[in-house]
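Input: a single structure, listed below in structure tokens.
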Amino acid sequence: MKNFSFHNSVNIVFGKGQISKLNSLIDKKSKVMMLYGGGSIKKNGVYDQVMTALKDHQVIEFSGIEPNPVYETLMKAVEIIRQEKVDFLLAVGGGSVLDGTKFISSAVNFKGYTWDIMSKNAPLTEPTLPIGTVLTLPATGSEMNANFVVTNKDTQEKLGMNKPEVLPQFSILDPEAIYSLPERQISNGIVDSFIHTTEQYLTYPDHGYLQDRQAEGILKTLVEIGPKYLNDKTNYDLASNFMWCATNALNGLIGVGVPQDWVTHMIGHELTAFYGVDHGQSLAVVLPGVLEVKRAEKAAKLVQYAERVWGIQEEDENKKIDLAIQKTIDFFESLGVKTRLSDYGINSDKFNDIKSRFERRGMTAIGERGTFTPDDVVKVLELRQ
Ligand code: NZQ
Ligand code: ZN
């Protein structure tokens, strides 16, 4: 196991009725901006619960943060915050609202061109604004990590960043807030959580025995409850477990001391940037290709995955790996998430543009062993046509 330091200070407030705790979680002296998306929270009662809890606070609203949050939209919020002297940000929504709010927090006092935060990893030398979240879509883990992903419409870029300064102070996870999710978002969330886990698990063995078992626990739980939850959307226990799996898949714990891959996410972000496919959909297409292209280097972990997650009893190692990859594809398809580029009307036109982006950004030796090249990106895409 590699050396590591692990610190995660997010106060997770989990369970039924917990949105009311906002009243005591945010200082009454704060001027709060409540940020949300396209309005799902007005239909499912979450908006009302938040407003009731904050009736003694001074609150202004910013709505319209879109899925795959857009830089230009977020900068509008930054302007308002600067004028109104807001001092606390409350993000209410899915990963896009949470990520957008993290970017806004980092940009408010930033001196210079704010897109540099994303494109150049510009340091945050000025104070960021404190953040709290109310999560309505389990998927990204954004409620308990410091990552954020922002899209620039002008340049058609979707870039990810990690800044400890924007880690939320608290996140409220009320499983009842997810009952209103459409099937497509549930399926995307299950796939995203699954693949956050595989990015930190399907690498090579490095004596992280506990981390392996934790990752397998998340994967097996998602396989067990995912399809059940799709058919029983107001089942509190299934909703709770789905939510907690998603948080644990990307709050940093399962990845400590072990190798990590993240190639599937890097390629997936390009598919979203160029074609607008949902984040979860993009990953379901790409992962099987990455496992195929790197099957020799990942063989030991793929065999362990086959045995422990899928219970595959098969003598021949190659067959075992084939079956594990097929089971993974079948699982995504069983959730209604398609796994081929052609399913989304995507052809090979942009394969070379995507490859060039990896080259231009210096992402030429990535993955857990630093052996994944821009040519491998094209191989993966070709396999998934
Ligand atoms: O905008 P509203 O009206 O709220 O509707 C949203 C949106 O249309 C809807 N929704 C959310 N909660 C709902 C609901 N509808 C009904 N009932 C509810 N309770 O769902 C739609 C999608 O929401 P979005 O926030 O975009 O989904 P998700 O949570 O999957 O977030 C995706 C974004 O997160 C990034 C992705 O790249 C993408 O931009 N990621 C962030 C990560 C992180 N911060 O660590 C890691 C991930 O790998 C990922 O890259
Ligand atoms: Zn993801």
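What follows draws every value from the coordinates through simple rules; no lab data is involved. Just so it is clear, the structure is predicted and the values come from calculations on it, not from any experiment. Cβ: placed from backbone, ideal geometry, glycine included. Neighbour counts: every protein chain shown.
Simple spin-label model, 7 Å along Cα-to-Cβ: E126 to M51 in nm?
Calculated label separation equals 3.2 nm.
Given charges of +1 on the Cβ of Lys and Arg and -1 on the Cβ of Asp and Glu, with all other atoms neutral, how large is the dipole of the chain about its Cα centre, in debye to the nearest 20? Intermediate results must be reported in sequence, preceding the final value.
Numbers: 41 positive and 48 negative charges, 148 e Å.
My answer is approximately 720 debye.
Which three lengths, in whole Å and largest first, does segment 183-383 cover when its Cα atoms are put on their principal axes?
Largest first, segment 183-383 extends 46, 37, 32 Å along its Cα principal axes.
Given labels modelled 7 Å from the Cα in the Cβ direction, how far is it in nm from S24 to Q169?
1.5
Work from the charge dipole of segment 228-385 (Cβ charges, +1 for Lys and Arg, -1 for Asp and Glu, about the Cα centre) and give the residue of A239, P374, N347 farthest towards its positive end.
P374
Ordered by residue, what ³J(HN,Hα) values in Hz, to whole numbers, does segment 220-229 give under the Karplus form 6.51 cos²θ - 1.76 cosθ + 1.60, where θ = phi - 60° and Gly and Pro are x?
5, 5, 5, 5, 6, 9, x, x, 5, 5
For segment 303-385, with only Lys/Arg (+1) and Asp/Glu (-1) charged at the beta-carbon, what is the dipole magnitude about the Cα centre, in debye rounded to 20?
440
Which aspartates and glutamates does K28 reach when only Cα atoms under 20 Å apart count, and residues fewer than 8 places away in its own chain are ignored?
D48, D56, E61, E84, D87
For an R0 of 30 angstrom, estimate the FRET efficiency from the Cβ-Cβ distance between E359 and E72 and round to the nearest 0.05.
According to the calculation, E is roughly 0.65.
Name all residues of segment 324-339 having a backbone nitrogen under 19 Å from the label point set 7 Å from the Cα of N231 along its Cα→Cβ direction, giving them as ranges.
Under cut-off, by backbone N: 330-337.
For N162 and R213, what does the FRET efficiency come to when R0 = 30 Å and r is the distance between their Cβ atoms, rounded to the nearest 0.05?
0.70
Given the rule -39500 (n - 2.57) for each run of at least 4 DSSP H residues, summed and divided by the residues of the chain, what is its mean residue ellipticity at 222 nm, to the nearest 500 deg cm²/dmol?
Helices in the chain give a 222 nm mean residue ellipticity of -14000 deg cm²/dmol.
Using only the Cα atoms of segment 115-232, construct the convex hull and provide its projected area averaged over every direction, in square nanometres to one decimal.
Average of the hull's projected areas for segment 115-232 equals 9.9 nm².
If segment 1-75 were replaced by its equivalent ellipsoid, with semi-axes equal to the square roots of 5 times the Cα gyration tensor eigenvalues, what would those be, largest first, whole Å?
Values: eigenvalues 131, 83, 41 Å².
Over the Cα atoms of segment 1-75, the ellipsoid semi-axes are 26, 20, 14 Å.
So what's the projected area for the chain, the Cα convex hull averaged over all directions, in nm²?
Mean projected area of the Cα convex hull: 18.0 nm².
When DSSP beta bridges are limited to those with both residues in the chain, what percentage is antiparallel, rounded to the nearest 5?
Of those bridges, close to 25 percent are antiparallel.
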